[in-house]
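Below: the structure, in C-alpha coordinates.
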Amino acid sequence: MAAANYLSSEDQFLCSICLDVFTDPVSTPCGHNFCKNCITEHWNTSNRCLCPICKEGFTTRPDLRVNTFISEMVAHEEDADREIAEGVQVFTSLKESVERGLNELINTIKEKQKTTEKQAEAFIKELEQEISELMKRSTEVEQLSRSEDHLHLLQSVQSLNIQQPPPTKDWTQVSIRPSSYEGTVVKAVVQLEEILSKEMKKLLESELKRVQQYAVDVTLDPDIAHPDLILSDDGKHVNLGDVRKNLPDNPERFSKCVCVLGKQSFSSGRFYFEVQVKGKTDWVLGVARESINMKGEITLSPQNGFWTIWLRNGNEYKALANPDVLLSLKSPPQKVGVFVDYEEGLVSFYDVDAAAFIYSFTGCYFTDKLLPFFCPCRNDGGKNSAPLIISPVRVN
(Lines give C-alpha, C1' and ligand atoms only; values in the text may rest on other atoms or scores of the structure.)
Protein backbone atom coordinates (compact mmCIF):
# COMPACT_ATOMS: atom_id res chain seq x y z
CA MET A 1 0.00 0.00 0.00
CA ALA A 2 2.81 2.40 0.90
CA ALA A 3 4.52 1.74 -2.42
CA ALA A 4 1.28 2.32 -4.30
CA ASN A 5 0.73 5.62 -2.50
CA TYR A 6 4.27 6.68 -3.33
CA LEU A 7 3.81 5.92 -7.02
CA SER A 8 0.48 7.73 -7.01
CA SER A 9 2.02 10.85 -5.50
CA GLU A 10 4.98 10.65 -7.90
CA ASP A 11 2.58 10.53 -10.87
CA GLN A 12 1.40 14.02 -9.93
CA PHE A 13 4.79 15.34 -11.04
CA LEU A 14 4.80 13.62 -14.44
CA CYS A 15 3.88 15.47 -17.60
CA SER A 16 1.03 13.64 -19.37
CA ILE A 17 2.56 14.40 -22.77
CA CYS A 18 6.20 13.28 -22.36
CA LEU A 19 5.43 11.02 -19.34
CA ASP A 20 8.55 12.32 -17.62
CA VAL A 21 9.10 14.52 -14.57
CA PHE A 22 8.06 18.10 -15.29
CA THR A 23 10.57 20.48 -16.86
CA ASP A 24 9.52 24.13 -16.57
CA PRO A 25 5.96 23.16 -15.49
CA VAL A 26 3.18 25.52 -16.64
CA SER A 27 -0.58 25.56 -16.07
CA THR A 28 -3.30 26.01 -18.69
CA PRO A 29 -6.45 28.03 -17.88
CA CYS A 30 -8.33 24.77 -17.30
CA GLY A 31 -5.93 23.95 -14.46
CA HIS A 32 -3.87 21.14 -15.96
CA ASN A 33 -0.08 21.08 -15.91
CA PHE A 34 2.47 20.27 -18.60
CA CYS A 35 6.10 20.86 -19.46
CA LYS A 36 6.26 24.21 -21.21
CA ASN A 37 8.01 22.81 -24.29
CA CYS A 38 5.65 19.82 -24.46
CA ILE A 39 2.40 21.80 -24.51
CA THR A 40 3.85 24.42 -26.87
CA GLU A 41 5.03 21.77 -29.33
CA HIS A 42 1.70 19.92 -29.01
CA TRP A 43 -0.23 23.04 -29.98
CA ASN A 44 2.18 23.86 -32.80
CA THR A 45 1.82 20.36 -34.23
CA SER A 46 -1.97 20.12 -33.98
CA ASN A 47 -2.66 23.76 -34.89
CA ARG A 48 -5.42 23.66 -32.27
CA CYS A 49 -5.30 24.93 -28.69
CA LEU A 50 -6.89 22.00 -26.88
CA CYS A 51 -6.02 20.74 -23.41
CA PRO A 52 -4.62 17.20 -23.99
CA ILE A 53 -6.31 16.02 -20.80
CA CYS A 54 -9.83 17.55 -20.64
CA LYS A 55 -9.97 18.58 -24.33
CA GLU A 56 -11.15 22.09 -23.45
CA GLY A 57 -10.49 24.39 -26.38
CA PHE A 58 -9.19 27.93 -26.37
CA THR A 59 -10.04 30.42 -29.10
CA THR A 60 -6.67 32.08 -28.72
CA ARG A 61 -3.47 30.60 -27.44
CA PRO A 62 -3.56 31.26 -23.69
CA ASP A 63 -0.70 32.67 -21.65
CA LEU A 64 1.05 29.85 -19.86
CA ARG A 65 1.93 30.61 -16.26
CA VAL A 66 4.71 28.90 -14.39
CA ASN A 67 3.37 26.54 -11.72
CA THR A 68 5.70 27.55 -8.86
CA PHE A 69 4.39 24.87 -6.50
CA ILE A 70 5.13 22.03 -8.89
CA SER A 71 8.45 23.64 -9.84
CA GLU A 72 9.52 23.68 -6.20
CA MET A 73 8.33 20.12 -5.62
CA VAL A 74 10.16 18.88 -8.70
CA ALA A 75 13.30 20.67 -7.52
CA HIS A 76 12.96 18.89 -4.16
CA GLU A 77 12.35 15.14 -5.98
CA GLU A 78 15.54 16.04 -8.03
CA ASP A 79 17.43 16.99 -4.77
CA ALA A 80 16.41 13.67 -3.24
CA ASP A 81 17.47 11.73 -6.35
CA ARG A 82 20.80 13.53 -6.40
CA GLU A 83 21.40 12.77 -2.73
CA ILE A 84 20.54 9.10 -3.27
CA ALA A 85 22.76 8.85 -6.35
CA GLU A 86 25.64 10.52 -4.54
CA GLY A 87 25.15 8.30 -1.51
CA VAL A 88 25.07 5.16 -3.63
CA GLN A 89 28.24 6.25 -5.43
CA VAL A 90 30.10 6.99 -2.19
CA PHE A 91 29.08 3.80 -0.40
CA THR A 92 29.69 1.68 -3.50
CA SER A 93 33.20 3.12 -3.69
CA LEU A 94 33.74 2.43 0.00
CA LYS A 95 32.42 -1.11 -0.32
CA GLU A 96 34.78 -1.77 -3.23
CA SER A 97 37.66 -0.29 -1.23
CA VAL A 98 36.85 -2.53 1.75
CA GLU A 99 36.65 -5.62 -0.44
CA ARG A 100 39.88 -4.69 -2.22
CA GLY A 101 41.61 -4.04 1.11
CA LEU A 102 40.39 -7.38 2.49
CA ASN A 103 41.64 -9.25 -0.58
CA GLU A 104 45.02 -7.53 -0.35
CA LEU A 105 45.23 -8.40 3.34
CA ILE A 106 44.43 -12.06 2.70
CA ASN A 107 46.92 -12.23 -0.18
CA THR A 108 49.65 -10.62 1.94
CA ILE A 109 49.15 -13.16 4.74
CA LYS A 110 49.04 -16.04 2.25
CA GLU A 111 52.27 -14.86 0.59
CA LYS A 112 54.03 -14.73 3.97
CA GLN A 113 52.69 -18.18 4.79
CA LYS A 114 53.86 -19.49 1.41
CA THR A 115 57.36 -18.06 1.97
CA THR A 116 57.57 -19.82 5.35
CA GLU A 117 56.37 -23.09 3.85
CA LYS A 118 58.97 -22.89 1.06
CA GLN A 119 61.72 -22.32 3.61
CA ALA A 120 60.54 -25.31 5.63
CA GLU A 121 60.34 -27.48 2.51
CA ALA A 122 63.92 -26.53 1.57
CA PHE A 123 65.16 -27.51 5.04
CA ILE A 124 63.26 -30.80 4.91
CA LYS A 125 64.68 -31.60 1.50
CA GLU A 126 68.22 -30.84 2.70
CA LEU A 127 67.72 -32.99 5.83
CA GLU A 128 66.31 -35.86 3.80
CA GLN A 129 69.35 -35.65 1.50
CA GLU A 130 71.70 -35.91 4.49
CA ILE A 131 69.74 -38.82 5.93
CA SER A 132 69.86 -40.56 2.56
CA GLU A 133 73.65 -40.13 2.38
CA LEU A 134 74.08 -41.43 5.93
CA MET A 135 71.84 -44.42 5.26
CA LYS A 136 73.81 -45.22 2.12
CA ARG A 137 77.12 -45.04 4.04
CA SER A 138 75.65 -47.15 6.85
CA THR A 139 74.57 -49.84 4.39
CA GLU A 140 78.01 -49.92 2.78
CA VAL A 141 79.75 -50.21 6.15
CA GLU A 142 77.42 -52.97 7.25
CA GLN A 143 78.13 -54.94 4.08
CA LEU A 144 81.88 -54.56 4.59
CA SER A 145 81.63 -55.75 8.18
CA ARG A 146 80.37 -59.09 6.93
CA SER A 147 83.25 -59.57 4.49
CA GLU A 148 85.78 -62.34 5.34
CA ASP A 149 88.29 -61.14 2.75
CA HIS A 150 90.50 -58.97 4.98
CA LEU A 151 92.51 -57.55 2.11
CA HIS A 152 89.34 -56.51 0.27
CA LEU A 153 88.00 -55.09 3.54
CA LEU A 154 91.12 -52.98 4.04
CA GLN A 155 91.00 -51.66 0.48
CA SER A 156 87.28 -50.85 0.73
CA VAL A 157 87.71 -49.02 4.03
CA GLN A 158 90.44 -46.87 2.51
CA SER A 159 88.25 -46.05 -0.51
CA LEU A 160 85.21 -45.21 1.67
CA ASN A 161 87.36 -43.04 3.94
CA ILE A 162 85.26 -44.09 6.93
CA GLN A 163 87.32 -41.84 9.15
CA GLN A 164 85.58 -38.85 7.48
CA PRO A 165 81.79 -39.32 7.42
CA PRO A 166 79.64 -37.32 4.97
CA PRO A 167 79.36 -33.62 5.94
CA THR A 168 76.19 -32.81 7.88
CA LYS A 169 74.60 -29.60 9.20
CA ASP A 170 74.23 -28.94 12.90
CA TRP A 171 70.44 -29.10 12.90
CA THR A 172 70.24 -28.09 16.55
CA GLN A 173 71.02 -24.54 15.39
CA VAL A 174 68.42 -24.55 12.59
CA SER A 175 64.94 -23.12 13.13
CA ILE A 176 62.15 -21.76 10.96
CA ARG A 177 61.28 -18.21 11.90
CA PRO A 178 57.49 -17.89 11.83
CA SER A 179 56.09 -15.07 9.68
CA SER A 180 55.22 -11.92 11.58
CA TYR A 181 51.67 -10.74 10.97
CA GLU A 182 51.80 -7.94 13.54
CA GLY A 183 50.76 -4.67 11.93
CA THR A 184 49.38 -6.30 8.78
CA VAL A 185 45.75 -5.69 9.68
CA VAL A 186 46.55 -2.26 11.13
CA LYS A 187 48.28 -1.25 7.90
CA ALA A 188 45.27 -2.40 5.86
CA VAL A 189 42.90 -0.43 8.08
CA VAL A 190 45.11 2.68 7.86
CA GLN A 191 45.04 2.45 4.06
CA LEU A 192 41.26 2.09 4.19
CA GLU A 193 41.08 5.11 6.49
CA GLU A 194 43.08 7.15 3.95
CA ILE A 195 40.64 6.14 1.21
CA LEU A 196 37.70 7.02 3.48
CA SER A 197 39.26 10.42 4.23
CA LYS A 198 39.61 11.16 0.52
CA GLU A 199 35.99 10.16 -0.12
CA MET A 200 34.86 12.27 2.85
CA LYS A 201 36.78 15.27 1.54
CA LYS A 202 35.16 14.97 -1.89
CA LEU A 203 31.75 14.57 -0.26
CA LEU A 204 32.27 17.60 1.98
CA GLU A 205 33.52 19.71 -0.92
CA SER A 206 30.34 18.84 -2.79
CA GLU A 207 28.18 19.58 0.27
CA LEU A 208 29.90 22.91 0.89
CA LYS A 209 29.31 23.98 -2.73
CA ARG A 210 25.62 23.14 -2.33
CA VAL A 211 25.11 25.13 0.87
CA GLN A 212 27.09 28.06 -0.60
CA GLN A 213 24.31 28.40 -3.15
CA TYR A 214 22.18 29.80 -0.29
CA ALA A 215 24.60 32.65 0.47
CA VAL A 216 22.98 35.85 1.77
CA ASP A 217 24.35 39.34 2.22
CA VAL A 218 24.80 39.88 5.96
CA THR A 219 25.66 43.20 7.60
CA LEU A 220 26.13 44.04 11.27
CA ASP A 221 23.48 46.02 13.17
CA PRO A 222 25.04 49.03 14.97
CA ASP A 223 21.86 49.60 17.02
CA ILE A 224 22.31 46.22 18.71
CA ALA A 225 26.12 46.15 19.06
CA HIS A 226 27.69 46.37 22.53
CA PRO A 227 29.11 49.91 23.13
CA ASP A 228 32.70 48.61 23.22
CA LEU A 229 32.51 47.24 19.70
CA ILE A 230 33.77 49.04 16.61
CA LEU A 231 31.86 48.33 13.40
CA SER A 232 33.14 49.25 9.96
CA ASP A 233 31.09 51.67 7.86
CA ASP A 234 30.04 48.87 5.52
CA GLY A 235 28.92 46.72 8.46
CA LYS A 236 31.26 43.87 7.56
CA HIS A 237 34.03 44.17 10.22
CA VAL A 238 33.74 44.11 14.01
CA ASN A 239 36.38 44.26 16.72
CA LEU A 240 36.72 45.55 20.26
CA GLY A 241 37.65 49.19 20.81
CA ASP A 242 39.73 50.70 23.60
CA VAL A 243 37.12 53.24 24.72
CA ARG A 244 33.44 52.63 25.39
CA LYS A 245 31.24 54.78 23.18
CA ASN A 246 28.52 56.87 24.79
CA LEU A 247 25.51 55.32 23.10
CA PRO A 248 21.82 55.23 24.09
CA ASP A 249 20.95 52.10 26.06
CA ASN A 250 18.45 50.66 23.64
CA PRO A 251 16.40 47.71 24.95
CA GLU A 252 17.79 45.75 22.01
CA ARG A 253 21.45 46.62 22.69
CA PHE A 254 23.83 44.12 24.32
CA SER A 255 24.87 45.54 27.68
CA LYS A 256 27.34 42.98 29.11
CA CYS A 257 28.42 40.62 26.35
CA VAL A 258 30.53 42.15 23.56
CA CYS A 259 28.24 40.79 20.86
CA VAL A 260 26.36 42.00 17.80
CA LEU A 261 23.69 40.56 15.53
CA GLY A 262 23.20 40.84 11.80
CA LYS A 263 20.57 43.21 10.45
CA GLN A 264 19.02 40.47 8.35
CA SER A 265 16.53 38.07 9.92
CA PHE A 266 15.21 34.78 8.54
CA SER A 267 12.00 32.94 9.38
CA SER A 268 12.01 30.26 6.66
CA GLY A 269 14.12 28.58 4.03
CA ARG A 270 17.89 28.25 4.00
CA PHE A 271 20.68 30.77 4.35
CA TYR A 272 24.47 30.75 4.52
CA PHE A 273 27.24 33.22 5.34
CA GLU A 274 31.01 33.14 5.91
CA VAL A 275 33.14 34.87 8.53
CA GLN A 276 36.91 35.32 8.52
CA VAL A 277 38.40 34.48 11.95
CA LYS A 278 42.06 34.67 10.91
CA GLY A 279 44.43 35.94 13.59
CA LYS A 280 41.98 35.56 16.47
CA THR A 281 42.45 33.51 19.64
CA ASP A 282 38.84 33.85 20.87
CA TRP A 283 35.50 34.22 19.07
CA VAL A 284 31.89 33.05 19.02
CA LEU A 285 29.80 32.56 15.86
CA GLY A 286 26.39 31.22 14.95
CA VAL A 287 22.75 32.32 14.94
CA ALA A 288 20.37 33.58 17.61
CA ARG A 289 16.64 34.04 18.09
CA GLU A 290 15.30 37.53 17.58
CA SER A 291 13.73 37.43 21.05
CA ILE A 292 16.91 36.70 23.04
CA ASN A 293 17.63 38.63 26.22
CA MET A 294 20.44 41.11 25.49
CA LYS A 295 20.82 42.53 29.00
CA GLY A 296 23.14 41.25 31.69
CA GLU A 297 25.12 38.04 31.56
CA ILE A 298 24.14 35.64 28.80
CA THR A 299 24.45 31.87 28.73
CA LEU A 300 24.95 30.75 25.16
CA SER A 301 22.86 27.63 24.60
CA PRO A 302 20.03 26.44 22.35
CA GLN A 303 17.67 26.62 25.35
CA ASN A 304 18.38 30.35 25.55
CA GLY A 305 18.08 30.87 21.80
CA PHE A 306 21.72 30.60 20.69
CA TRP A 307 23.19 28.02 18.32
CA THR A 308 26.90 28.79 18.37
CA ILE A 309 30.45 27.47 18.39
CA TRP A 310 33.44 29.17 20.00
CA LEU A 311 37.22 29.30 20.13
CA ARG A 312 38.99 29.90 23.44
CA ASN A 313 42.70 30.20 24.26
CA GLY A 314 43.70 29.81 20.64
CA ASN A 315 43.05 26.06 20.40
CA GLU A 316 39.94 25.08 22.38
CA TYR A 317 36.92 24.66 20.11
CA LYS A 318 33.47 23.91 21.49
CA ALA A 319 29.89 23.67 20.32
CA LEU A 320 27.82 25.41 22.99
CA ALA A 321 25.10 22.76 23.06
CA ASN A 322 24.45 22.43 26.83
CA PRO A 323 26.29 20.26 27.62
CA ASP A 324 29.11 21.69 25.54
CA VAL A 325 30.73 19.46 22.93
CA LEU A 326 34.53 19.59 22.63
CA LEU A 327 35.47 19.75 18.95
CA SER A 328 38.59 18.08 17.57
CA LEU A 329 39.73 19.94 14.44
CA LYS A 330 42.67 18.90 12.28
CA SER A 331 43.66 22.53 11.71
CA PRO A 332 42.49 25.94 12.92
CA PRO A 333 39.88 27.34 10.50
CA GLN A 334 40.67 30.72 8.97
CA LYS A 335 37.15 31.19 7.62
CA VAL A 336 33.98 29.67 9.08
CA GLY A 337 30.82 29.01 7.06
CA VAL A 338 27.44 28.99 8.82
CA PHE A 339 24.45 27.26 7.17
CA VAL A 340 20.87 27.18 8.45
CA ASP A 341 17.90 25.17 7.19
CA TYR A 342 15.00 26.67 9.10
CA GLU A 343 12.37 24.02 8.34
CA GLU A 344 14.81 21.16 8.82
CA GLY A 345 15.96 22.56 12.19
CA LEU A 346 19.62 22.44 11.17
CA VAL A 347 22.57 24.74 11.95
CA SER A 348 25.90 23.60 10.48
CA PHE A 349 29.43 25.00 10.62
CA TYR A 350 32.22 24.44 8.08
CA ASP A 351 35.92 25.18 7.73
CA VAL A 352 35.65 26.89 4.34
CA ASP A 353 39.28 26.76 3.17
CA ALA A 354 39.73 23.12 4.15
CA ALA A 355 36.22 22.18 2.97
CA ALA A 356 35.84 20.39 6.31
CA PHE A 357 32.82 19.83 8.52
CA ILE A 358 32.99 21.30 12.03
CA TYR A 359 29.67 20.66 13.79
CA SER A 360 25.88 20.53 13.32
CA PHE A 361 23.00 21.31 15.65
CA THR A 362 20.22 18.98 14.48
CA GLY A 363 16.58 18.55 15.38
CA CYS A 364 16.24 22.22 16.35
CA TYR A 365 12.77 23.72 16.65
CA PHE A 366 12.66 27.31 15.43
CA THR A 367 9.65 29.54 16.04
CA ASP A 368 11.25 33.01 16.06
CA LYS A 369 13.16 34.81 13.39
CA LEU A 370 16.86 33.90 13.35
CA LEU A 371 19.72 36.40 13.03
CA PRO A 372 23.47 35.88 12.49
CA PHE A 373 25.38 36.20 15.78
CA PHE A 374 28.95 37.51 16.23
CA CYS A 375 31.20 37.92 19.26
CA PRO A 376 34.84 39.01 18.69
CA CYS A 377 35.53 38.61 22.46
CA ARG A 378 37.99 40.63 24.56
CA ASN A 379 41.32 41.74 23.11
CA ASP A 380 43.45 39.79 25.63
CA GLY A 381 46.23 42.39 25.71
CA GLY A 382 46.25 42.70 21.94
CA LYS A 383 46.50 38.95 21.22
CA ASN A 384 42.88 38.87 20.05
CA SER A 385 42.55 42.31 18.48
CA ALA A 386 41.94 41.03 14.91
CA PRO A 387 38.40 41.70 13.67
CA LEU A 388 35.70 39.28 12.66
CA ILE A 389 35.05 39.91 8.96
CA ILE A 390 31.93 38.91 7.06
CA SER A 391 33.41 37.67 3.79
CA PRO A 392 31.88 37.47 0.33
CA VAL A 393 31.03 33.88 -0.56
CA ARG A 394 33.00 32.51 -3.51
CA VAL A 395 31.76 29.24 -4.89
CA ASN A 396 34.65 27.29 -6.45
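The values are calculated or read from the model by the stated rules, or taken from the named source; none is laboratory data. Model, not experiment: these values are computed from the prediction. Because the Cβ atoms are built from the backbone with ideal geometry, glycine has one as well, and the counts that use them run over all protein chains shown. The accessibility values were calculated without ligands, DNA or RNA, using every heavy atom of the protein model including side chains. Shrake-Rupley method; radii C 1.70, N 1.55, O 1.52, S 1.80 Å.
Quick notes
- Relative contact order of the stretch 250-302, taken over Cα pairs closer than 8 Å and 6 or more residues apart, is 69 percent.
- Computed lengthening from LEU203 to LYS263, 0.36 nm per intervening residue step minus Cα-Cα distance: 18.3 nm
- Reachable lysines, given that their alpha-carbon falls under 26 Å from the alpha-carbon of LYS383 and they are not under 8 places away in the same chain: LYS236, LYS245, LYS256, LYS278, LYS280, LYS318, LYS330, LYS335
- Here r is the Cβ-Cβ distance between VAL66 and ASP324 and R0 is 45 Å; the resulting FRET efficiency, rounded to 0.05, is 0.45.
- Cross-link reach is defined here as a Cα-Cα straight distance under 23 Å, omitting same-chain residues fewer than 8 places apart; for LYS55 the lysines meeting it are LYS36.
- Shape call, the stretch 240-391: gyration tensor on alpha carbons, a/c limit 1.5: oblate
- Note on LEU94 and THR108: the model spin-label points, each 7 Å out from Cα along the C-beta direction, lie 2.1 nm apart.
- The stretch 363-372 - phi-based ³J(HN,Hα) in whole Hz, Karplus 6.51/-1.76/1.60, Gly and Pro as x: x, 6, 10, 9, 10, 8, 5, 10, 10, x
- Between the stretch 85-136 and the stretch 368-396, the Cα center-to-center distance that results, in Å: 57 Å
- Three-way shape call for the stretch 177-328 based on the alpha-carbon gyration tensor, with the a/c threshold at 1.5: prolate
- Using θ = phi - 60° and Karplus 6.51 cos²θ - 1.76 cosθ + 1.60, couplings along the stretch 87-92 (whole Hz; Gly, Pro as x): x, 4, 4, 5, 6, 5
- Pairs of Cα atoms nearer than 8 Å and 6+ residues apart set the relative contact order; for the stretch 185-276 it is 32 percent.
- Net length available on complete extension from THR23 to GLU343 is 112.6 nm, with 0.36 nm assigned per residue and the Cα-Cα distance removed.
- Taking label points 7 Å from Cα along the Cα-to-Cβ direction, ARG210 and GLU316 give a separation of 3.6 nm.
- Under 19 Å of direct C-alpha separation, and excluding same-chain neighbours fewer than eight residues apart, LYS118 reaches these aspartates and glutamates: GLU126, GLU128, GLU130.
- Placing a pseudo-label 7 Å from each Cα along the Cα-to-Cβ vector at THR139 and CYS30 gives an inter-label distance of 10.8 nm.
- Net charge of the neighbourhood of ASN37, taken over other residues with C-beta under 14 Å away and scored Lys/Arg +1, Asp/Glu -1, is -2.
- Only protein heavy atoms count here; under a 1.4 Å probe, TYR214 has an accessible surface of about 80 Å².
- Dipole magnitude for the stretch 217-332: about 300 debye, using +1 per Lys or Arg Cβ and -1 per Asp or Glu Cβ, origin at the Cα centre.
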